[in-house]
Structure formats: C-alpha cells, structure tokens
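The values are calculated or read from the model by the stated rules, or taken from the named source; none is laboratory data. Predicted, not measured: the structure shown is a model, and the values here were computed from it. Don't worry about glycine lacking a Cβ; one is built from the backbone with ideal geometry, like all the others, and counts go over all protein chains shown.
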Amino acid sequence: MAKNKKSTSKLKSILLLSTGIIGLACFLFGYHFYSYIYLSNVDIEKESVLFVIPTGSDYEFVSNSLITEGIIKNQESFDWVSHQKKYTQNVKPGRYKIENNWSNSDLINHLRLAGNSVPVKVTFHNISRLTQLAGIVSQQIEADSTELMHAFLDPEWLKEKGLTKETAQAVFIPNTYEVYWNTSGKQFTIRMYQEFDRFWTVERKALAKQIGLSPVKVSNLASIVEAETKKTDEMPKVAGLYLNRLKIGMRLQSDPTVVFAINRKNVHRVYTADLKVESPYNTYIHAGLPPGPVGFPSKKALLAVINPYESSYLYMCAKPDYSGYHNFAKSYSQHQKYAAQYHRFLRKEGIR
C-alpha cells in the first residue's frame with residue numbers, strides 16, 4: 001500500500017514537472033513570436049527617420065535597405081512578421097517617416113499603406129524655362145528631369161488641353177505644392193493643370209475676356225510684367241501700359257522678351273545687336289504677344305494683368321534712384337525726358 005502511494009506520488013511529480021516543462025516551452029515559444037511581432041525592432045539614434053521606397057522596389061529591397069540603413073535590428077523577425085501580414089506581396093513606393101522603437105507590427109502596418117507616405121513640398125519661382133522647372137522639381141520628387149520634360153511636352157496631353165510646346169509653361173503657376181515623393185512626371189503635370197484650372201475661376205476668365213485675352217495669353221503678358229517690375233503695387237500700371245500698346249498695334253518692345261529669345265546665361269544688359277535677333281519672342285521686331293510666356297508669372301502678376309491700371313501710358317523708364325519703381329509717360333517726348341534723367345543718374349553713380 002505504501003509502495004503504491006509512493007509510486008502515485010512520483011507519477012504526480014513527473015506529470016507536474018512535464019506539465020511545467022511543456023508550459024515553459026509554450027511560454028518561451030509564444031514569447032518568441034510575441035517579441036517578433038510586438039517588441040521594438042526599430043533602433044535609430046533620432047526620434048524618427050525618413051525611409052524611401054523607389055517605384056518598382058520589391059520586398060527584398062525593402063528588407064535589406066532597412067538593415068543597411070540601420071533602421072531595424074533583427075531582419076529575421078521583420079521577415080517573419082512581413083510574411084504573416086502578407087507585406088512581402090504588398091510593397092508600396094513612397095517616402096515614409098519611421099519612428100524609433102516601433103515594433104515590426106507598427107512598421108509593417110505603416111509601410112503597407114501608401115497613404116502613410118510623407119508628402120514633399122515642391123517649390124519653384126524665379127525661373128524662365130521648362131527645362132529649369134524640370135531640373136528643380138526632379139530634385140524634390142522621384143521623377144527625373146527627362147521624365148518630367150517628356151510629360152510637360154507630351155503631344156497628346158498638349159492637344160487635349162489646347163496647348164502648344166510654347167504655351168505649356170503657362171500651366172505651371174509658381175507656388176509651394178504638396179505632392180507625394182513618388183509622383184510621376186505625368187501625375188505632376190496633371191496636378192499642375194488642376195491648380196491652373198482652379199486659379200482660373202469663371203470670374204477671372206470673364207476679366208481676361210474683357211481685356212481681350214485668354215488665360216494663356218494673360219500668362220504671356222504677366223510674365224513680361226513681372227520681368228519688368230518686382231514691385232507688386234506697380235504691376236497693374238505696367239500691365240495697363242502694355243495693354244495700351246496692344247490695343248493700338250504698337251510693338252511691346254520689352255527687353256525681357258529679347259533676353260528670353262537670345263537665351264544667354266546671366267544677362268545683365270541688352271545690347272543694340274540683341275534687339276535685332278530674329279525670334280518670334282523678340283517684341284522689338286514682332287508685334288503682339290510672344291508665342292508663350294517668357295517666364296512663370298506669379299499669381300500677383302496674373303491678377304495685375306486682369307485688373308490693370310487704366311491710363312494712357314505707353315512708355316516707362318526706371319526712376320533715377322534705387323527704388324525699383326518707374327516713371328510712366330503718355331508721350332515719347334516725355335519718355336525721353338525721363339530717360340535723360342535716368343542716364344544722368346547712372347553717370348553720376350559711375351554705372352555704365
């Protein structure tokens with residue numbers, strides 16, 4: 001009887017030990033995968049870091065890049081959780097902000113949603129050509145300058161929008177725009193046209209029609225106005241002057257159009273020989289507006305053209321000071337007087 005009790009007691013001990021070992025094994029097994037999923041695997045020196053996934057990247061690229069860039073500690077655990085969450089077949093290109101101490105679960109949930117991609121702010125201004133725009137934008141989004149230029153001048157797109165290769169740049173209004181980093185050249189062009197279309201409200205189109213111009217031709221003139229004066233409060237007066245010239249068939253004779261025509265870098269002065277260069281953009285030779293904008297006019301310049309200052313001015317000359325403003329004249333004789341004052345000022349200041 002005692003022997004049986006002893007055997008029973010020993011059996012219970014074995015069972016308890018076995019149960020304990022199994023329980024511990026289950027715990028360790030469970031904890032192992034729990035740690036894979038929920039414990040921190042992102043280990044970076046900063047609070048956050050930007051991680052870029054180029055268009056066309058596969059899962060292997062993402063996994064290896066996270067290791068080589070020092071973002072995650074354990075690639076094996078990341079790979080395991082990625083397979084469980086089916087991220088291996090669901091890679092989304094973009095520019096993602098990753099927070100320190102994130103778990104694999106946090107990281108994968110974030111990366112597999114394209115909407116979590118961090119937008120970039122694309123800014124452009126003070127440029128005159130589409131090639132410059134393509135160069136600037138390509139530094140801020142994934143699309144390179146070649147892809148952007150192809151999109152800007154795509155014949156089908158131009159035909160659809162009633163544009164030409166000369167008028168295409170009227171669509172791109174200088175500003176700061178938020179776009180996703182992996183925006184393609186075509187997507188960027190479409191977005192810019194949407195912004196152009198949004199600017200040209202029914203009311204603004206009506207104002208343009210009153211002065212006999214289409215939105216694109218307003219852009220042509222506004223680019224000249226902005227190149228002639230940087231003073232916002234003077235832009236309507238300059239716009240009014242050029243509109244007066246257009247009405248009477250007088251040539252615009254605008255130096256900025258000549259600068260655009262000769263296409264020289266760092267032009268600080270227009271010479272007499274430059275005024276004779278044969279180009280449809282040379283408004284000293286050809287009457288009317290040039291074929292397209294000679295820059296990318298700001299909203300302020302566009303608004304100045306459709307809200308011009310009403311006057312009889314036909315001439316303008318820089319004031320004999322450093323203010324950046326101009327003297328306006330209705331007659332050529334008055335203009336000559338202002339020009340003489342300005343040249344005396346230059347000689348006095350030792351400026352040739």
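Scanning segment 75-105 for residues that are acidic (Asp, Glu) and outside any helix (DSSP H, G or I) gives a single hit, Glu99. For segment 310-322, state whether one or more residues are at pLDDT 95 or above, surrounded by 14 or more Cβ atoms within 10 Å (Cβ to Cβ) and assigned to a helix (DSSP H, G or I). No - not one qualifying residue is present in segment 310-322. Given the structure, is Lys337 over 21 Å from Lys230 (Cα atoms), surrounded by 12 or more Cβ atoms within 10 Å (Cβ to Cβ) and over 32 Å from the mean Cα position of the chain (by Cα)? Yes: the conditions hold for Lys337. Among the residues making up segment 295-323, none is within 30 Å of Phe172 (Cβ to Cβ), basic (Lys, Arg) and over 32 Å from the mean Cα position of the chain (by Cα). Only one of the numbered conditions (1) touching a residue at least 12 places away in the same chain (Cβ under 8 Å); (2) under 14 Å from the mean Cα position of the chain (by Cα) is violated by Ala151, and that is (2). Residue-level analysis places Gln139 among those that are closer than 30 Å to Asn263 by Cα, without any contact (Cβ under 8 Å) to a residue 12 or more places away in the chain, within 15 Å of the chain's Cα centre (by Cα) and not assigned by TED's automatic domain parsing to the domain that holds Val225.
Annotation note: of Ile285, Ile306, the sole residue that is modelled with pLDDT of 95 or more and over 21 Å from Ser219 (Cβ atoms) is Ile285.
Annotation note: of Ile108, Ile141, Ile136, the sole residue that is part of a loop (DSSP other than H, G, I, E, B) and among the hydrophobic types (A, V, I, L, M, F, W, C) is Ile141.
Determine whether Ala151 is surrounded by 16 or more Cβ atoms within 10 Å (Cβ to Cβ) and assigned to a loop (DSSP other than H, G, I, E, B). No. Given the options Leu302, Leu246, Leu252, name the one that is in contact (Cβ under 8 Å) with a residue 60 or more places away in the chain and either outside the structural domain of Thr164 (by TED's automatic domain parsing) or surrounded by fewer than 21 Cβ atoms within 10 Å (Cβ to Cβ) (or both). Checking each option against the conditions leaves just Leu302. Gly240 - would you say it is closer than 29 Å to Glu147 by Cα and crowded, with 19+ Cβ neighbours inside 10 Å? So Gly240 fails the test.
The set of residues in segment 323-343 that are over 13 Å from Val238 (Cβ atoms) and in a loop (DSSP other than H, G, I, E, B) comprises Ser323, Lys330, Ser331. Hey, does segment 31-46 have a residue that's surrounded by 14 or more Cβ atoms within 10 Å (Cβ to Cβ), touching a Gly at 6+ places or on another chain (Cβ under 9 Å) and at pLDDT 60 or above? Yes, because at least one residue in segment 31-46 is surrounded by 14 or more Cβ atoms within 10 Å (Cβ to Cβ), touching a Gly at 6+ places or on another chain (Cβ under 9 Å) and at pLDDT 60 or above. Within segment 63-74, the set of residues being surrounded by 15 or more Cβ atoms within 10 Å (Cβ to Cβ), part of a helix (DSSP H, G or I) and not hydroxyl-bearing (Ser, Thr, Tyr) comprises Leu66 only. Scanning segment 284-299 for residues that are surrounded by 14 or more Cβ atoms within 10 Å (Cβ to Cβ) and without any contact (Cβ under 8 Å) to a residue 40 or more places away in the chain yields Tyr284, Ile285, His286. Is it the case that Ser279 is touching a helix residue (DSSP H, G or I) at 6+ places or on another chain (Cβ under 9 Å) and more than 17 Å from Asn244 (Cα to Cα)? Yes; evaluated as a whole, the condition is true for this residue.
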